[in-house]
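Read the structure below first, then the notes.
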Amino acid sequence: MTYHAFRSCFADELEKYLALRVSEGYQEKSFLNMLSRFDRFCAERGITSLRFTSEDAAVWLRHMGNEGDRSHYLRIAVSRKFLLYLAQNGHDVYVMRPLASRISDFRPHLYSSDEIRRYFRVVDTYFDNFSNYPNRTAPLQLPVLFRLLYCCGTRINETLGIRKRDVDIGNGTILLHETKNSRERLIVLSHGMQELMSEYADKCFYLLGESNYIFSTRYGTRHDHRNIHAYHRNILEIAGIPFFGGGKGPRIHDWRHTFAVHSFKQMLDSGRDMYVSLPILSAYLGHQSIQATEKYVRLTCELYPYIQEKFQPQLDSIFGEVSPR
């Protein structure tokens, strides 16, 4: 077992609980930060026995400093599950009621058709004016990598984690291993994306072993996501797409949002039923529940009001009222 810097009287139980969650397939980092904060709180509050009272909970439930709503919600949700674990194992602890999840007012940047054209025009010619490339396959890598982000809605770390053995050119699929929820998933490539990947494989895969990453540095190692973010910023500047910063983007992750909204609209416009479209989109994105896909439904309705008008009864039955905020 890996031991962490827990220092409260709950240290041993925190270690056991963390090991349990990891054994269930969750990533350690999903819990460690919040559990460490709970540990520090208990130590600083002077709790010396395995008891957590309603008075302790009342203080722990307060917002801390400049803590945002989402961070507050996650902190309480993670610590509440740990307290439930303690209670189930016979310890005298007060378990808080779950906080109501608040819908964030954050709005991702959705790339317009014009921005998409300008962006990929730059991507496809990015290295034309360079005499020296980071590696000889760099001009081939960027067009494929960034199109996967947009055309398949993959996260950047999922994309950088693709190895040669994960790509099935014949069937037009890619198996993603390094996913957010540690759940492998298969993405299906469109015909155009399959052709592009096939061309890329013909030109580059002979250089790779089965376990090598398909997007790699000159040393054959996996790209650092920060390098790709640097490319992204340069591409935006050359394409004349303003970058606002402060989380307002346009971010690399906004390609995933754009993919989700465009795909959802396309399915509905093609006549596919709402009850069929949502599970397909949710599974393709790797969400653990349809509720996690709700933000994309809201974004789609805001951009395309006719969709809300047409499918309002179905939306209400799934999520409750879905309306522009």
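Quick notes
- Restricting attention to the chain, close to 80% of DSSP beta bridges with both partner residues there are antiparallel.
- Accessible surface of the chain [probe 1.4 Å, protein heavy atoms]: carbon and sulfur percent: 49 percent
- Taking other residues whose beta carbon is less than 13 angstrom from the beta carbon of LEU18, and scoring Lys, Arg as +1 and Asp, Glu as -1, yields -2.
- With the simple spin-label model, which puts each label point 7 Å out from Cα in the Cβ direction, the LEU20 to ASP202 separation comes to 5.5 nm.
- Relative to the longest principal axis of the Cα atoms of the chain, helix 294-303 runs at roughly 50 degrees.
- Whole-number accessible area per residue in Å² for region 265-305, which is evaluated in the context of all protein chains at 1.4 Å: 48 Å²
- Computed over the alpha-carbon atoms, region 1-65 gives an Rg to Rh ratio of 0.98, Rh here being the Kirkwood radius from the mean inverse distance.
- Potential lengthening between GLU195 and GLN27 on full extension [0.36 nm per residue; Cα-Cα distance subtracted]: 57.0 nm
- The residues packed around PHE127, meaning those with a beta-carbon under 15 Å from its beta-carbon, carry a net charge of +2 if Lys and Arg are +1 and Asp and Glu are -1.
- Once both labels are positioned 7 Å from their Cα atoms along Cα-to-Cβ, the gap between GLU67 and ILE290 label points is 3.3 nm.
- In the chain, the calculated helix contribution to ellipticity at 222 nm averages -16500 deg cm²/dmol per residue, counting -39,500 (n - 2.57) for every DSSP H run with n ≥ 4.
- Taking every protein chain into account, the accessible area of region 1-82 amounts to 56 square angstrom per residue (probe 1.4 Å).
- For region 88-198, the per residue solvent-accessible surface stands at 54 Å², with DNA, RNA and ligands left out and a 1.4 Å probe.
The values are calculated or read from the model by the stated rules, or taken from the named source; none is laboratory data. Note that this is a predicted model, so its numbers are computed, not measured. Using ideal geometry, Cβ is built from the backbone for each residue, glycine included, and neighbour counts are taken over all protein chains shown. Heads up: the accessible areas ignore ligands, DNA and RNA and are worked out on the full protein's heavy atoms, side chains in. Shrake-Rupley method; radii C 1.70, N 1.55, O 1.52, S 1.80 Å.
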